[in-house]
Amino acid sequence: LQFSKADDRSLERKIDEFLVLIVCQKFGRKDGYHSPWHLPQLRNLPSESLKQTSKRCLKELFSAEMYGKGISNAPFSVYFYNYPAQLRQRLKTQSRGAAIFFFKALYMKRVPLVVNGDEIADYKWVSAEEFVASVKHKISYLRALSTLFPSSLLGKNSFECDKRTGSQKTRLKTDIQMQSS
């Protein structure tokens, strides 16, 4: 297979950098809506643990074999947010917001992903700098994910990216998040 360095769906484009998977999700909607860029997420079902939700996320959002392997039994971070009034009405909920728990997983194969098109509108593998540029609209989201990239990659206060390289940057990661109300 030949990969283009400009193809942000390819893990081969920046083999010397630490890459993370981000997606635009449809969340079951059929009206053309898709989310802004974020880490993959699914709602936590009452009968499952957070770890089980992270595994289900890999299975439901990506077709065929994901070849992903969870590397922790506990979330590495959590992000709390309030629902906009319009979303509360659409969900028919009295909940004021949700918590998103972030789990890490390694993507084990260097082959293109096959996404579930019913759930994923778009996806890309991004470096630290590209991640910050893609989700810059949510500073609180970035703060919750400040430990996602090795500390040498992100500036401590501004989330600006440093162009230094390090051995940790060569590992490939998919970070999975789950949503729980």
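The values are calculated or read from the model by the stated rules, or taken from the named source; none is laboratory data. All values reported here derive from a predicted model rather than from experimental measurement. Here the Cβ is made from the backbone with ideal geometry for all residues, glycine too, and neighbour counts use every protein chain on show.
Annotations for the structure displayed:
- Here residue 51 fulfils each of the conditions (1) over 24 Å from residue 130 (Cβ atoms); (2) of a type outside the set (Phe, Trp, Tyr); (3) touching a helix residue (DSSP H, G or I) at 6+ places or on another chain (Cβ under 8 Å) apart from (3).
- Entirely in the range 1-100, the strands (runs of 3 or more DSSP E) that have 1 or more residues that are over 17 Å from residue 126 (Cβ atoms): 41-43, 68-70, 77-82
- Among the residues making up the range 14-45, a single one is touching a residue at least 12 places away in the same chain (Cβ under 8 Å), over 19 Å from residue 145 (Cα atoms) and among the acidic types (Asp, Glu): 16.
- Given (1) among the basic types (Lys, Arg); (2) under 12 Å from the mean Cα position of the chain (by Cα); (3) within 20 Å of residue 34 (Cα to Cα), index of the condition residue 90 fails: (2)
- Residues of the range 101-120 that are within 24 Å of residue 32 (Cα to Cα) and either in a strand (DSSP E or B) or aromatic (Phe, Trp, Tyr) (or both): 115, 120.
- Those residues of the range 114-131 which are closer than 14 Å to residue 19 by Cα, more than 12 Å from the chain's Cα centre (by Cα) and not acidic (Asp, Glu), in sequence order: 127, 128
- Selected residue (only one of 3, 76, 27, 80 is surrounded by fewer than 18 Cβ atoms within 10 Å (Cβ to Cβ) and either polar (S, T, N, Q) or modelled with pLDDT under 85 (or both)): 3
- Taken over the range 121-145, the criterion of being in contact (Cβ under 8 Å) with a residue 24 or more places away in the chain and either of a type in the set (Ser, Thr, Tyr) or part of a helix (DSSP H, G or I) (or both) is satisfied by 123, 127, 128, 129, 130, 131, 132, 134, 140, 141, 144.
- Residues that are at pLDDT 80 or above and touching a Leu at 6+ places or on another chain (Cβ under 8 Å) within the range 108-117 comprise 113, 115, 116, listed in sequence order.
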